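Asker: Here it is, the structure, as structure tokens.
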Amino acid sequence: MDLEVSRPEADTRSRILDAAQGLFVRHGLEATSLRMITARAKANIAAAHYHFGSKDALIEAVFRRGLARLNEMRLAELDRLEREAGGSPLKPRQVLEAFFGTALMLAADREEGGFEFMRLLGRTMTDPNQFIRTFLAAEYQEVMERFKDALFAALPKVPHEEIIWRLHFMLGAMSYALAGTDALRLATGLTGEDDPRAIAPRLMSFLLGGLRAPLAGRAGEFAKFGAPPAAPSMNRINDAPPRQPARTRGSKALARSNPPTLSHRSSK
């Protein structure tokens, strides 16, 4: 008996979604045809039309499935942190870890399709068409509102517009990093495994640095925001403060020459 034919319709739908996701990563959304997808899924065109209706609807289904998992992880982590905080604002570091850290965790999952989906999402975010842009905005809306509110509460003295811009820049950095290191390898000769677990500490350190950095030419305006949060460790973000260098006779002059940095705490 042909086991492929005897599988239930739900399994056929999943196989089409899995095949589409893999081909979209390899060939792109535009270059992948329904015929390519159904051939890889060992299904027929009629099955694809039955379950999805059109290629655009299939694209939506692929992203909706992956984003549902990602958004659930993000909100669950944010809920956990907020419960532990007991009503107090989270630290900016915690908000970033709940949003970006969970995405990196999903990207490290090679067994259940997380790695493949996050690579697809990263590549799509760096060059989305209008259809995908509109769809992703709708799917992200609830999650983005929660995390924006958490960052606003964590950085009460920072203008909301500035936080939104920095969140935008951080999203771009993560998307490009998750899209793959092909261009970086070609340009620099970088070698080694393209593993999100290796990228994670580098990316989180970079994101935290971007969040706390002063605006060029407006360092004095950001003095009231105080010292930066701690940098992340190699596994999880480390709560321990960084070690301070020993003070020397020239340390006061050096301190005066360094611009203040952005944080959730106000300096005295």
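Asker: Restricting to the stretch 67-90, count the residues that are over 24 Å from Ala108 (Cβ atoms) and either crowded, with 16+ Cβ neighbours inside 10 Å or among the aliphatic types (A, V, I, L, M) (or both).
Answerer: 3
This table checks each residue for (1) modelled with pLDDT under 95; (2) more than 19 Å from Leu207 (Cβ to Cβ).
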position: Arg110; (1), (2): yes, yes
position: Leu121; (1), (2): yes, no
position: Ala153; (1), (2): no, no
position: Tyr176; (1), (2): yes, no
position: Ala179; (1), (2): yes, no
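Asker: Of the numbered conditions (1) at pLDDT 90 or above; (2) farther than 18 Å from Arg202 by Cβ, Leu106 fails exactly one; give the number of that condition.
Answerer: Checking Leu106 against (1) at pLDDT 90 or above; (2) farther than 18 Å from Arg202 by Cβ, the one that fails is (2).
Asker: Have a look at Leu215, Leu184 and point out the one that is at pLDDT below 85, surrounded by fewer than 17 Cβ atoms within 10 Å (Cβ to Cβ), of a type in the set (A, V, I, L, M, F, W, C) and not in a helix (DSSP H, G or I).
Answerer: Of the residues listed, the single one that is at pLDDT below 85, surrounded by fewer than 17 Cβ atoms within 10 Å (Cβ to Cβ), of a type in the set (A, V, I, L, M, F, W, C) and not in a helix (DSSP H, G or I) is Leu215.
Asker: Further, regarding this structure: Say we look at the stretch 48-59 and pick out the residues that are surrounded by 18 or more Cβ atoms within 10 Å (Cβ to Cβ) and of a type outside the set (Val, Ile, Thr); which of these is nearest to the chain's Cα centre (by Cα)?
Answerer: Selected residue: Leu58.
The values are calculated or read from the model by the stated rules, or taken from the named source; none is laboratory data. Everything quoted here is computed from the prediction, not taken from an experiment. Glycine also receives a Cβ, built like all others from the backbone with ideal geometry; neighbour counts cover every protein chain displayed.
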